[in-house]
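Beneath this line is the structure, given in structure tokens, with notes to follow.
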Amino acid sequence: MSGTKRTLNSLSDTDLLAGIKTGDGIERAMRFIYQSHYRMLESYVCNNSGDPDDAADLIQEVMVTFIELVQKDKFRGETTVKSFLYTLTRNLWISELRKRGNDAKRNEEFETSRDTLEADAAQYVMYKEAQKTIVALFDKLGAVCKQILTLFYYEDLSMKEILERTEYDNEQVVRNRKYKCLKELTDLVNSSPATFDNIKAALQRTK
């Protein structure tokens with residue numbers, strides 16, 4: 001065992017690369033890298049928002065990438081193996097952190113969008129229910145009040161535009177009639193307090 005350890009510790013970069021490139025010494029080279037450089041690479045990951053499990057997964061990816069680059073003659077020992085492995089680890093880990101950041105951002109955006117959509121849907125349902133209540137009350141006010149209030153609140157017409165759609169003499173007459181209709185509506189609402197909040201919400205929404 002001690003002889004094997006000495007052999008691993010004495011493996012030069014040149015011998016390591018040659019063994020990987022020919023395919024005959026890959027296992028020996030990987031054992032040497034894990035023995036000599038694993039702690040350094042693990043420390044980098046753990047010191048930069050990672051944990052030992054992250055490091056283990058990433059270092060496996062680093063090893064696969066390193067072997068592929070050597071066998072494709074894209075790394076020929078221009079720098080030390082130690083430096084090259086460190087650079088690979090750093091680049092792959094930065095890429096992973098960016099991916100995690102984007103995933104977190106997408107999840108946050110999705111949750112925000114979903115919450116907004118659910119809130120809008122709930123508000124719309126309440127609004128439609130309130131509208132039904134208002135229409136029913138308008139019917140009880142009679143044709144004249146129903147026409148004026150519908151034109152004002154649902155068609156969003158001004159006093160001048162309502163005057164053009166009705167047979168009143170001037171805008172002030174329309175305004176006075178609208179006031180009386182609202183007074184009648186208020187009396188109806190007061191007779192059924194449970195509908196007040198829905199009526200108020202719907203009138204605010206339409207205006």
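Each value in this text was obtained by applying a stated rule to the coordinates, not by laboratory testing. All figures in this text were calculated on a predicted structure; none of them were measured in a lab. All Cβ positions, even for glycine, are placed from backbone atoms using ideal geometry, and neighbour counts span all protein chains on display.
For segment 47-105, the set of trypsin sites (Lys or Arg not before Pro) satisfying both a DSSP loop assignment and a count of at most 10 other C-beta atoms within 10 Å is given as Lys72, Lys74, Arg76.
Computed over Cα pairs, the Kirkwood radius of segment 2-100 leads via Stokes-Einstein (1.567 mPa s, 4 °C) to a diffusion coefficient of 93 µm² per second.
Give the order of Leu85, Leu182 when sorted by the count of other beta carbons within 10 angstrom, beginning with the fewest. Working shown, then result.
Numbers: Leu85 21, Leu182 17.
Ordered by Cβ neighbours within 10 Å, fewest first: Leu182, Leu85.
For a 18 Å ceiling on Cα separation, which of these pairs sit above it: Lys21/Lys74; Lys140/Lys183; Lys72/Lys99? Distance filter (> 18 Å) returns Lys72/Lys99. Cβ-to-Cβ counts within 10 Å put Tyr154, Tyr179 in ascending order as Tyr179, Tyr154, the fewest first.
Residue separation of Arg39 and Asp169 scaled by 0.36 nm, minus their Cα-Cα distance, works out to 37.6 nm of gained length.
Among Ile148, Ile67, which comes first, second and so on when ranked by fewest other beta-carbon atoms within 10 Å? Intermediate results must be reported in sequence, preceding the final value.
Numbers: Ile148 25, Ile67 18.
Ascending Cβ contact count within 10 Å gives the list Ile67, Ile148.
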